[in-house]
Amino acid sequence: MPIEGNSHIQTPTLDRFINQGTYFRNAYTPSPICVPARQSFLSGLYPHNTGAVGNQNALPSEVLTIPGHLSRYGYHTVGAGKMHFVGPDQMHGWHERIGRDIRGRNGYEPADDPVHRAEIFPEAGTGKWSTAKEIANARAGKGYWMQHDTYSVDGALMFLDEHFVNEPYDRPGNRPLLLAVSLWCPHYPYQCPEDLFNYYMRRVEPYVENLPEQFDCHDFFKVKVGEDVTYREAHRATAAYYGMIEWADMQYGRVISKLEALDVLDDFVVVFLSDHGEMLGQKGLWEKQQYFEASARVPFFISWPQQFPEGSGVVQQNISLVDLFPTLCDIANVPIPDGLDGRSLVPLMEGRTDGWPNEAYCELHSHQHGPSVMVKQNHLKYFRFEGKGWPEQLFDLAVDPDENHNLIDSAPYADDLKRLRAKVDDFLA
């Protein structure tokens with residue numbers, strides 16, 4: 001993002017609200033994989049406390065969510081786009097959902113009838129190729145997930161017209177509104193409009209790097225440029241990824257323009273976050289499911305002009321996406337439920353850092369990388385993979401922001417290592 005020093009990417013919509021809001025520079029996902037991350041920030045709980053520890057795990061209906069809780073206090077809750085609910089409960093507190101992400105058999109399994117049994121084919125867009133093949137197939141085009149996102153944003157715009165004007169009856173809604181507009185893009189397969197693809201092909205270069213010393217991970221994520229894919233293929237995938245980011249920014253711009261046209265933008269608090277990042281070739285790795293910064297650290301900002309008309313700048317403290325739930329409760333002036341793992345970020349927005357533990361956790365339970373846990377405390381990051389035989393990792397981001405030097409055997413960090421190991425033990429317990 002531009003605020004992180006990238007001079008090529010164009011995200012004018014996000015930049016606008018970052019500049020007038022609070023940007024949390026060290027925000028971390030609770031899990032660098034889609035379903036667990038989304039169910040965690042929706043519930044304010046780390047994955048091992050939600051039951052949704054993998055992409056195949058449904059969030060139990062009894063787990064309290066942000067939309068469910070705010071609906072108790074009069075909010076109309078509407079979710080447009082990707083929620084990634086994998087079980088029969090496709091609402092989890094939302095009054096309405098918009099988009100093509102609402103699906104399920106609702107308990108009705110196919111009949112065991114050989115006469116009428118249909119041959120089952122994989123659904124388009126739901127099964128990924130190998131990482132190398134995904135990179136090789138990146139290109140300009142009308143991407144599958146772009147169509148999903150267009151559907152969701154179009155629906156959100158129609159809803160906003162209906163909610164605030166209701167043209168046939170002139171009965172605009174007067175209930176407080178919680179609206180989520182959640183996009184798939186950027187996501188494999190990497191495809192973007194041709195003009196954006198051409199723009200970034202002339203401006204970005206792919207990362208061509210090797211794994212750092214004393215590190216290993218699942219082979220699925222390792223891609224060597226020049227062996228597994230060509231430089232050209234890596235270049236095209238990088239350009240398409242950039243293009244998808246700018247395209248996503250344009251979709252958020254459509255929502256903001258609609259709020260402005262309805263003369264209600266000034267009534268909203270705007271929050272933006274991502275469920276995980278993308279290695280994009282750094283350290284010879286692609287995709288997510290890593291604890292390196294490119295995968296585990298995520299963009300997160302809050303624009304609350306009613307409370308902070310001049311914004312409140314950049315917050316450097318470590319925070320987690322599980323902090324979203326209590327923060328929104330604080331902003332909406334409703335009680336924060338007991339038992340959440342997150343903490344309200346409003347004190348940090350006010351410049352009050354006393355008592356903030358300045359730590360965030362991240363966990364994975366996938367067959368490739370789990371079980372494993374990361375803790376980031378102050379400027380030190382520690383993570384380990386249980387039962388994998390891979391080296392533990394310790395990085396000092398104050399002196400090694402690119403995470404190239406594993407300090408696990410460094411004598412000056414022995415006390416830090418002991419403390420962080422204990423924190424991971426306590427977290428797992």
Open item on the list: Can you confirm whether V399 is crowded, with 16+ Cβ neighbours inside 10 Å and at pLDDT 95 or above?
Closed with: no
TODO: Determine whether E213 is in a loop (DSSP other than H, G, I, E, B) and either within 19 Å of Q10 (Cβ to Cβ) or touching a helix residue (DSSP H, G or I) at 6+ places or on another chain (Cβ under 7 Å) (or both).
DONE: no
Open item on the list: I need the full set of residues from segment 294-320 which are under 13 Å from the mean Cα position of the chain (by Cα) and charged (D, E, K, R), in order please.
Closed with: R297
Task: Checklist (1) assigned to a loop (DSSP other than H, G, I, E, B); (2) exposed (fewer than 15 other Cβ atoms within 10 Å of the Cβ) applied to S344, failing item - done: (2)
Open item on the list: Quick test for you: out of K258, K283, pick the one residue that is part of a helix (DSSP H, G or I), modelled with pLDDT of 95 or more and closer than 26 Å to L177 by Cα.
Closed with: K258
Task: Residues of segment 18-57 satisfying the condition of being part of a helix (DSSP H, G or I), surrounded by fewer than 20 Cβ atoms within 10 Å (Cβ to Cβ) and not polar (S, T, N, Q) - done: C34
Open item on the list: As an exercise: evaluate Q306 against (1) at pLDDT 95 or above; (2) more than 20 Å from A37 (Cα to Cα) and give the number of the one condition it does not meet.
Closed with: (1)
Open item on the list: For the list (1) touching a strand residue (DSSP E or B) at 6+ places or on another chain (Cβ under 9 Å); (2) in contact (Cβ under 8 Å) with a residue 24 or more places away in the chain; (3) loosely packed, with under 15 Cβ neighbours inside 10 Å, I need the number of the one condition that L364 fails.
Closed with: (3)
Open item on the list: Quick test for you: out of H95, H84, pick the one residue that is surrounded by fewer than 20 Cβ atoms within 10 Å (Cβ to Cβ) and touching a residue at least 40 places away in the same chain (Cβ under 8 Å).
Closed with: H84
Task: Qualifying positions in segment 385-428 - closer than 17 Å to C362 by Cβ, out of contact with any Leu (no Cβ under 6 Å at 6 or more places or on another chain) and not in a helix (DSSP H, G or I) - done: F385, E386, K388, W390, E392, Q393, F395, L397, E403
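The values are calculated or read from the model by the stated rules, or taken from the named source; none is laboratory data. Keep in mind it's a predicted model, so treat the numbers as computed, not measured. Please note: Cβ atoms are built from the backbone with ideal geometry, for glycine as well, and neighbour counts cover all protein chains shown.
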